[in-house]
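Here the structure is laid out as structure tokens; the discussion comes afterwards.
The values are calculated or read from the model by the stated rules, or taken from the named source; none is laboratory data. Bear in mind that the values here come from a model prediction, so they are computed numbers and not experimental data. Cβ atoms come from the backbone with ideal geometry, glycine included; neighbour counts cover every protein chain shown. The area values use the complete protein model at the heavy-atom level, side chains included, leaving out ligands, DNA and RNA. Shrake-Rupley method; radii C 1.70, N 1.55, O 1.52, S 1.80 Å.
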Amino acid sequence: MRGLFVTGTDTAVGKTRVATALVRALNASGVRAIGMKPVAAGIEPDATANADVIALARADNLDAPLDLRNPYAFADAVAPHLAAGAAGIAIDLAAIERSARRLALHADTLVVEGAGGACVPLDDRHDMLDIAIVLDLPVLLVVGMRLGCLNHAVLSAMAIRRRGLVLRGWVANLLPPRMALVDANVQTLTSRLAMPPVAIVDVGGLPTFSRDALGMLGW
């Protein structure tokens with residue numbers, strides 16, 4: 001499978017906005033991309049699916065079953081392993097891989113969004129990065145630019161690389177209120193992560209991916 005796994009330094013750091021923008025940029029460049037969120041926790045009472053899953057589906061506008069896009073959906077907005085335990089369900093990596101392979105038949109490439117941060121547990125032994133491992137996908141790290149992000153980003157990148165995954169790039173996503181010394185913090189992370197960000201998203205702005213950025217990410 002060709003694609004990218006989008007993870008973040010924490011929950012609510014902009015993974016879905018980045019993933020949907022990436023899907024749109026790929027489609028605009030002539031690469032048919034399809035979005036997937038294998039595990040999602042949190043569904044509004046009147047909704048048919050998790051909001052992130054719906055956003056990804058709208059971004060690619062491809063006719064693919066929601067149960068392939070999101071094989072594990074939990075109503076409660078809690079950590080996946082807790083939601084799965086409460087529902088009496090085991091999150092099966094092999095089932096996620098089967099769904100991803102079937103989903104990949106609809107497009108040229110997959111954009112797979114994780115839930116929460118990079119090391120959020122799926123069960124007693126596995127975490128979110130195990131999805132990237134089983135799908136054999138490189139990783140895009142979304143860094144929520146706020147106080148504390150240097151530590152979170154460096155530790156996330158360390159975990160990604162120590163698991164044998166390729167950190168293909170990172171996005172600096174500025175969160176409100178706008179942090180002090182943003183440029184200096186981006187420069188620090190550029191040095192510590194050994195690569196510049198593929199995109200910098202200002203507070204309230206929309207992520208954009210240039211052709212050069214898509215090339216850096218493998219397309």
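Which residue, Pro38, Gly85, Met145, has the largest displacement toward the positive end of the dipole of the chain when charges sit on each Cβ (Lys, Arg +1; Asp, Glu -1)? Among Pro38, Gly85, Met145, the one farthest towards the positive end of the dipole of the chain is Met145.
Convex hull volume of the Cα atoms of the chain, normalised per residue: 116 Å³.
Could you tell me how far the Cα centroid of region 125-178 sits from the Cα centroid of region 25-81, in Å? Cα centroid to Cα centroid, the span is 20 Å.
Computed with a 1.4 Å probe over protein heavy atoms only, the accessible surface of the chain comes to 46 Å² per residue. Residue separation of Thr11 and Val134 scaled by 0.36 nm, minus their Cα-Cα distance, works out to 42.1 nm of gained length.
For Gly3, the residues whose modelled amide H falls within less than 5 Å of its own, excluding neighbours fewer than 5 places apart on the same chain, are Leu110.
Computed from backbone phi, the HN-Hα couplings of region 197-211 come to x, 6, 7, 10, 10, 6, 4, x, x, 9, x, 10, 10, 6, 4 Hz, rounded to whole numbers (Karplus: 6.51 cos²θ - 1.76 cosθ + 1.60, θ = phi - 60°; Gly and Pro given as x).
3J(HN,Hα) couplings calculated from phi for region 142-148 with the Karplus curve 6.51 cos²θ - 1.76 cosθ + 1.60 (θ = phi - 60°) are, in sequence order, 8, 9, x, 6, 7, 4, x Hz; Gly and Pro show x. Working from label points 7 Å from Cα in the Cα-to-Cβ sense, the Asp46 to Arg101 distance is 4.1 nm. Given +1 at the Cβ of Lys and Arg, -1 at the Cβ of Asp and Glu and no other charges, the dipole of the chain around its Cα centre is 620 debye to the nearest 20. Helix 15-28 and the longest principal axis of the Cα set of the chain meet at an angle near 90°. Nonpolar atom fraction for region 87-161, defined as the carbon and sulfur part of the 1.4 Å probe accessible area, stands at 55 percent.
Report the paramagnetic label zone for Arg58: residues of region 3-36 whose backbone N is under 14 Å from a point 7 Å from Cα along the Cα-to-Cβ axis. Zone members listed by number: 16-18, 20-21, 24.
Axis of helix 182-192 versus longest Cα principal axis of the chain: the two differ by about 70°, to the nearest ten degrees. Look at the Cα gyration tensor of region 38-151: its axes a ≥ b ≥ c give a/c under 1.5, and that counts as rounded. Helix 51-60 and the longest principal axis of the Cα set of the chain meet at an angle near 80°. Approximating the spin labels as points 7 Å out from Cα along Cα→Cβ, the Val154-to-Val78 distance works out to 3.4 nm.
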